[in-house]
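What follows is one structure encoded as structure tokens, with my remarks underneath.
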Amino acid sequence: MASSEVKKGKNICSLTMSSHVGFESLPDQLVNRSIQQGFCFNILCVGETGIGKSTLTDTLFNTNFEDQESSHFCPPVKLKAQTYKLQESNSYQPIADYIDAQFEAYLQEEMKIKQSLFNYHDSRIHVCLYFLSPTGHSLKTLDLLTMKNLDSKMNIIPVIAKADTISKTELQKFKIKLMSELVSNGVQIYQFPTDDDTVARINAAMNGQLSFAVVGSMDEVKIRNKMVKAHQDPWGVVQVENENHCDFVKLREMLICKNMEDLRKQTHTRHYKLYRRCKSEEMGFSDVGPENKPVSLQETYEAKRHEFHGERQRKEEEMKQMSVQRVKEKEAILKEAKFEHLKRVHQEERMKPEEKRRILDKEIIDFSKKKATCEIFQTQSFLATGSNLRKDKD
Ligand code: GDP
């Protein structure tokens, strides 16, 4: 595409070719788009408390992350950096969970029918700076275990922190030891890409010099009339940006100037896609079918739908059978209960006339007794009246 000038006449707009038609304007377009939209680059710093993580990130971006709240509107082109605090722990699991949670959030957005990845706030970790103590001894088991378990989830760059606290010869020996331990334990650390001619030479050289021994400091010291960032202690001054003193400049150059885009790309194409593949396989989706034959997502989806449909029908039938069985059982119980009830009612009904007869018999006996008593009284009073009459006659 050619860059052009717009000339406005009377309701006429004409474009004038101002440069060559070709790929040369593509970088400008990409830069302009990045300036307008911004982009996310997330760095995760892992290492023990007090090893120098905060100081190094502040030094890298020449800012103070603790105090500063980033604004949404930065007029000049600026990097919008972010820091995340993870709970201190003696296990790599919280870090793994955190990384997976960021991948999952992206996956959910990607699976939406109405995606908005265009302005999605990408929180996936693009690079992990793994801080190691300059002990000169072997790597700690926890560090080895953590790197081994996280190397498939993110790009890891090991850094030797507080490099000013160890002598140069010791540091060199430690670097070699460290790298050989990482290799012998099969830890895959990030390799700077060598397929792009513009950075191939420097990247290859840096791959051979890993890891970076760094010094972090926001303090400034005057050296030859110039204020420079340095770490000062009773033994001397270590300049942060002096390549003879430490690898800070190399790290900054490799991380931000030369390979930021590759780190973002690797995060998406290698680590995120691995996460997505595992998730898809967990859900039963795969690119290959039985006998390693390639299958389309549509085919897998149809097969899954068919399988789920069959399973649902089977479950429905099972539930139906179960409910019929339950009804039968309930009916039997009710029948039994009804029979018992009727038997009791019948028994009660049968008892009623007998009771009535018993009461009547008792009433008859009582009545007979009363009648007999009355008759006795009557006879006695009759006899008494007869003797009175005889007395009167006399
Ligand atoms: P964090 O807990 O890992 O974030 O560690 P900090 O960045 O807070 O640093 C802890 C202490 O180490 C502070 O007192 C820093 O001044 C000091 N420190 C940081 N970086 C360096 C360094 O490169 N060399 C030396 N000697 N001290 C450092």
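Here is how the numbers come out for the structure above:
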read-out: Meets criteria (within 16 Å of the ligand (Cβ to nearest atom) and hydrophobic (A, V, I, L, M, F, W, C)) for Leu30; value: no
read-out: Residue check, Ser286 surrounded by 10 or more Cβ atoms within 10 Å (Cβ to Cβ), at pLDDT below 90, part of a helix (DSSP H, G or I) and within 25 Å of the chain's Cα centre (by Cα); value: no
read-out: Filter pass, Lys140 being of a type outside the set (S, T, N, Q) and crowded, with 20+ Cβ neighbours inside 10 Å; value: no
read-out: Segments classed as strands (runs of 3 or more DSSP E), wholly inside segment 175-248, with at least 3 members that are within 16 Å of the ligand (Cβ to nearest atom) and farther than 23 Å from Asp262 by Cβ; value: 226-233, 236-239
read-out: Residue match in segment 271-280 (condition: in a helix (DSSP H, G or I) and more than 30 Å from Asn155 (Cα to Cα)); value: no
read-out: Count of residues meeting criterion [free of Cβ contacts under 8 Å to residues at least 12 places away in the same chain and within 40 Å of the chain's Cα centre (by Cα)] in segment 226-252; value: 1
read-out: Only listed residue being of a type in the set (Lys, Arg), at pLDDT 90 or above, closer than 30 Å to Phe285 by Cβ and assigned to a helix (DSSP H, G or I), chosen from Arg326, Arg312; value: Arg312
read-out: Segment 131-174, residues that are aliphatic (A, V, I, L, M), within 15 Å of the ligand (Cβ to nearest atom) and part of a loop (DSSP other than H, G, I, E, B); value: Ala161, Ile166
read-out: Filter result (within 16 Å of the ligand (Cβ to nearest atom) and either assigned to a loop (DSSP other than H, G, I, E, B) or under 24 Å from the mean Cα position of the chain (by Cα) (or both)) within segment 33-54; value: Ile43, Leu44, Cys45, Val46, Gly47, Glu48, Thr49, Gly50, Ile51, Gly52
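The values are calculated or read from the model by the stated rules, or taken from the named source; none is laboratory data. Here the structure is a predicted model, which means the values were calculated and not measured. Counting neighbours? That spans all protein chains shown, and the Cβs are built from the backbone with ideal geometry, glycine included.
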